[in-house]
1. Go through segment A:375-394 and report how many residues are touching a helix residue (DSSP H, G or I) at 6+ places or on another chain (Cβ under 8 Å) and more than 20 Å from A:Phe466 (Cβ to Cβ).
2. Are any residues in segment A:221-260 more than 7 Å from chain B (Cβ to nearest Cβ), open to solvent by 20 Å² or more (accessible area, probe 1.4 Å), among the aliphatic types (A, V, I, L, M) and assigned to a helix (DSSP H, G or I), and if so, which ones?
3. Can you pull out the residues in segment A:178-220 that are among the small types (Gly, Ala, Ser), within 13 Å of chain B (Cβ to nearest Cβ) and surrounded by fewer than 16 Cβ atoms within 10 Å (Cβ to Cβ)?
4. Taking segment B:179-235 on its own, how many of its residues are surrounded by 15 or more Cβ atoms within 10 Å (Cβ to Cβ), closer than 20 Å to B:Leu245 by Cβ and in contact (Cβ under 8 Å) with a residue 40 or more places away in the chain?
5. Can you say whether B:Ala555 is surrounded by 13 or more Cβ atoms within 10 Å (Cβ to Cβ) and farther than 21 Å from B:Lys181 by Cβ, as far as the supplied structure shows?
6. From (1) β-branched (Val, Ile, Thr); (2) over 29 Å from B:Ala631 (Cβ atoms); (3) without any contact (Cβ under 8 Å) to a residue 40 or more places away in the chain, pick out the condition that doesn't hold for A:Thr321.
7. Only one residue in B:Tyr377, B:Tyr340 is in contact with a Ser or Thr (Cβ under 6 Å, 6 or more places away or on another chain) and open to solvent by less than 10 Å² (accessible area, probe 1.4 Å). Which one?
8. For A:Leu329, only one of the following conditions fails: (1) within 14 Å of chain B (Cβ to nearest Cβ); (2) of a type outside the set (Ser, Thr, Tyr); (3) crowded, with 24+ Cβ neighbours inside 10 Å. What is its number?
Amino acid sequence: MNGGTIEAPTIEYALLAPMLLIFGAAVVGVLVEAFAPRYLRKSIHVPLTLLALAGGFLLTILQAVREGVPTTPAAMGAVAVDGPALFIWGIILVLAFVSTLLINDDEQFVAQAAAVPGSSDEEAAVRHGYAQTEVYPLLLFSVGGMLLFPAANDLLVMFVALEVMSLPLYLLCGLARRRRLLSQEASVKYFLLGSFSSAFFLYGMALVYGYAGSIDLRAISSALGTVAGQDILLYVGVALLGVGLLFKIGAAPFQAWKPDVYQGAPTAITALMASTVLVAAFGAVLRVFWVALGNLDWDWRPVMWGVAILTMVVGAIVAITQTEIKRMLAYSSIAHAGFLLTGVIATGGPEQNQEALSAILFYLVAYGFATVGGFAVVTMVRDAGGEAGHLSRWAGLGKRAPLLAGIFAFFLLAFAGIPLTSGFFGKYAVFSAAVAADALPLVVVGVVASAIAAFFYVRVIVLMFFSEPAADGPSIAMPTVGTSAVVALAAAATVVLGVFPEPVLNLADQAASALFIR
Amino acid sequence: MQSPAEIVSHAGGVTGVSWLMIALPLFGAAVLLLGGRRTNAWGHFFGVAMSLGAFAVAVVTFVELLGLQPEQRRRDIGLFEFIPGMVDLGMLIDPLSISFALLITGVGSLIHIYSVGYMSHDRDRRRFFAYLNLFVAAMLLLVLSDNYIGLFIGWEGVGLASYLLIGFWQHKPSAATAAQKAFIVNRVGDFGLLIGIFTIWTTFGSLAFADLTHEVAGQASEGTLTAIGLLLLLGACGKSAQLPLQSWLLDAMEGPTPVSALIHAATMVTAGVYLVVRSGAFFEAAPTAQLVVTIVGVATLLAGAIIGCAKDDIKKGLAGSTMSQIGYMMLGAGLGPAGYAFAIGHLITHGFFKANMFLGAGSVMHAMNDEVDMRRYGALFPVMKITAVTFIVGYLAIIGFPLLSGYYTKEGIIETAMHHNQILGWLAVLGAGLTGFYMSRMVFMTFFGKKRWADDAHPHESPAVMTWPLIILAIGSIGLGAFLVLGNRFMNFLSPAVGLPQPADMPEPHVFGVGTAALATLALVAAGAAFAWFRYGAAEVPAVAPRASFLTTFARRDLYGDALNEALLMRPGQWLTRIAVFFDNRGVDGLVNGLAAGIGGTSGRLRRVQTGFVRSYALSILFGAAAVVGALLYVGNI
């Protein structure tokens, strides 16, 4: 003990400003929930949320432009705001902004979450035109967690961030307006499995602490190889940390939650999860395996090989027999997580591969936009029971709504990685980085998995354009301004990144060249 | 011999915004296609404006280029990185590309203006202008790109525009078929071009013209260079309707006449010549490939001329003539730096006089209720004087009447060929004689002799919007050749882009500019024209084509080109597909379906793991965690 005095921590508020803004807005949102009358809440929440996200994005850009990228961690070594972190913050904030536009649609969310499905309470809530407006502060808390997660420079902060990110999401998943039981089931499943995996993460953290005597990522890195006879602690600890993180990105064999949760959650929330959570989780994976375990890569890389191969294969193969559009997209997301893992493997080695890092960053941008766009289209295809999820209902959509079906087909082609879409350059960058890192067999598996995946993407296109529409097929909901903006924005991003990728590639290069702070 | 100048990268100045040349017509096409019916009222003017805008940018760029020292006149303008580490898209502004750009935008704008009148009765005029703009943009991309990828994108773009415009009246089955035929035949050539580009990439590791200099090309083996040359030539043959891929051009006349003038006479079909000249570094190091180029050129110039002799359809006659003239250009392009300036010069003058005659033919058709059979024309001179006079100027230019445009450029090619190889030279002279015959025949059948009009024909002169382009093109047909060729002006202008020939490769200058070859050519042309006068000017022309000799039938049937294609390619192709289908059903499908069934089955089984029970998910996570721990311990040797 230091004579009983506690030194006040130094905190670089300017560096953390984007995060603080988001959390501050979330707290204001809670106050709005508490004090504003019900009829006013939504009209306060929506601009508040959008402004907070836009402001956070501006602050992030200012940070990157004005101050230059800091080379030491902030907040007593707990948070590292470095090049990749700023880039990832940028992606998360933009995607969250876009998703918020999608969330701003009353058809998505339950009138009163506490009412038992099918009960008279629920009917009354619907009749009164209630809307569950807690969605917005919950979203902001979750986004705050997402920002902290990839920037956390010690394991404890990372764990806190993981929970701050996840807890609101568990709740949001249960708020679907239609098929409420499915939604609540998804919520509970996600919560149980998420807690289970968090426990792995915690246990792994404890073991690694036992080995290195520190939870600081840099301290762990410098402890590697200096502690004799304790290797078993390290290896088991690393494995369990890995399990916690791989669960969040939905890598096999920890992918089981993804289809169920993606299907059950309100589609706008699925869009948010599928894009931003994946980005944040990959940021965290990169930080742990790059900063703390970079010198251990000879050991974790082979295991990661197995996980990546399994993830790509399982994602691509199981997607083939899916009949529900959101489940199919969930498996597609699993396969993409596998493709991204090949990039993570390519970053391994002490002289780390900056090219692989920039490839992953570009991939995340490309995939994030296409995903939000894809789910936005899903929200628009509806029939009497809400969204028409079953694939057979999508038959002949190209004849009814050629523009919408064309755009969706375009997103699918981007997922498949067809040239002139953003997906092509994403895959090209990741795979070529993996080849450069001597992971050729992995790339071969990746390409085969892409070919299998192309089958089910194209199958949907065939279904939409070359099948006769069903007589009682779904109608296309008149989209809200927000939804059309999302679709247009995502389509534009997918085209621009596919034809004119250079600016974003350069930006990713620049971010990657600043490297993670070690 | 002097090699081309080095390509320097460019910044600033008007040249820096020369990408507007491509962007403006592309924007026009986008507005007209996406705008739909809303743009019907003003769409054609917008299209014309975009084309004129591109022309203005081209002129300003040209003037700025002229202001530079000759060895500074190859400017590379990087636009953006397209495929990381492989291709950066950019524009190469040099004397060669700017010559093309001026031709494309200049003649293109005139044809846009003409089309305002020609298509005035068509419901789909807006769509027509959209396609025309698309074509101009793609063609400019083709010639202005600083690498083979951009060139290829433009190459495919003009192919698409050509397809859309040949089939513009798609309600006519013949037009739809002709469009498909053009597309499919071009596929063969594009395939060659594509493999040629692949070969260049694997051999030299770059596709940028700046990297593929003569020194670099010289490092590869001659075999490789010959292969590259022949593959590029195959591409050029497809686009430029050279033997053996000539068959589509005659059918392509199904398109509206301005299209025939712009795409299938003045610009697109000359892309092959551009490709050969632009790839000079490869061809000059591969004499075999060059020889093949000249042989293809000579064979096509004769074949086109023979076909032209027998056609009664005025547009098909002109199409045969186009084939033939491009044959001359190909011949010139195959002669190396000595021939380049004449080939490109002939290309430019031909762009003027052929566009002039096609538009003239369009004017005649406009007057004659879209009749194309020359046997139904006759004695049109008095009723449409402007059309007739401008057409005749074009006619005199193409047959090489002394002092007119075609005389200088064609004579240049013939003389250089004669100097290079006597046989090629004399065959080219023979082709010129045939040109004299068939073009005279066309003029006499159309404008002179007796009226053979259909009963309901009331020919009249076309409106001013159509005749003014004719007049401007006719002026170009008169003076452009002399301007380019006298004093080697054009050769010196082009030299930074394509190099200068060794003096030994150049024919001796003649005292009065007239040598043996020129005299022989003039004599043959005069004989051909005289023969045509006796057959078609002085004598009665039957309104229905009479039964003809074997030779005429041979020519009327396009030298049995289609029959040959059918017998050699289509039927065996059908057999091949049948055999392939058989084996596909029996062999390949078994494998593929088996594989697909295997994956599908695996998928079905794996899917059952997804039980929906959260406890089994947790169990799978537990097993997975155990596996990861075990694997890491195993790898870590603990």
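The values are calculated or read from the model by the stated rules, or taken from the named source; none is laboratory data. None of the values given here were measured: they were computed from a predicted structure. Quick reminder, even Gly has a Cβ in these numbers, built from the backbone with ideal geometry, and neighbours come from all protein chains shown. Remember, those area values only see protein heavy atoms, side chains included, never the ligands or the DNA or RNA. Shrake-Rupley method; radii C 1.70, N 1.55, O 1.52, S 1.80 Å.
1. Here the count works out to 8.
2. Once the filter is applied, which keeps residues that are more than 7 Å from chain B (Cβ to nearest Cβ), open to solvent by 20 Å² or more (accessible area, probe 1.4 Å), among the aliphatic types (A, V, I, L, M) and assigned to a helix (DSSP H, G or I), segment A:221-260 yields only A:Leu233.
3. Correct list: A:Ser195, A:Ala199.
4. Number of matching residues: 20.
5. no
6. Exception for A:Thr321: condition (2).
7. Details: B:Tyr340 fails: in contact with a Ser or Thr (Cβ under 6 Å, 6 or more places away or on another chain).
Selected residue: B:Tyr377, the only one of B:Tyr377, B:Tyr340 that is in contact with a Ser or Thr (Cβ under 6 Å, 6 or more places away or on another chain) and open to solvent by less than 10 Å² (accessible area, probe 1.4 Å).
8. Here A:Leu329 clears every test but (1).
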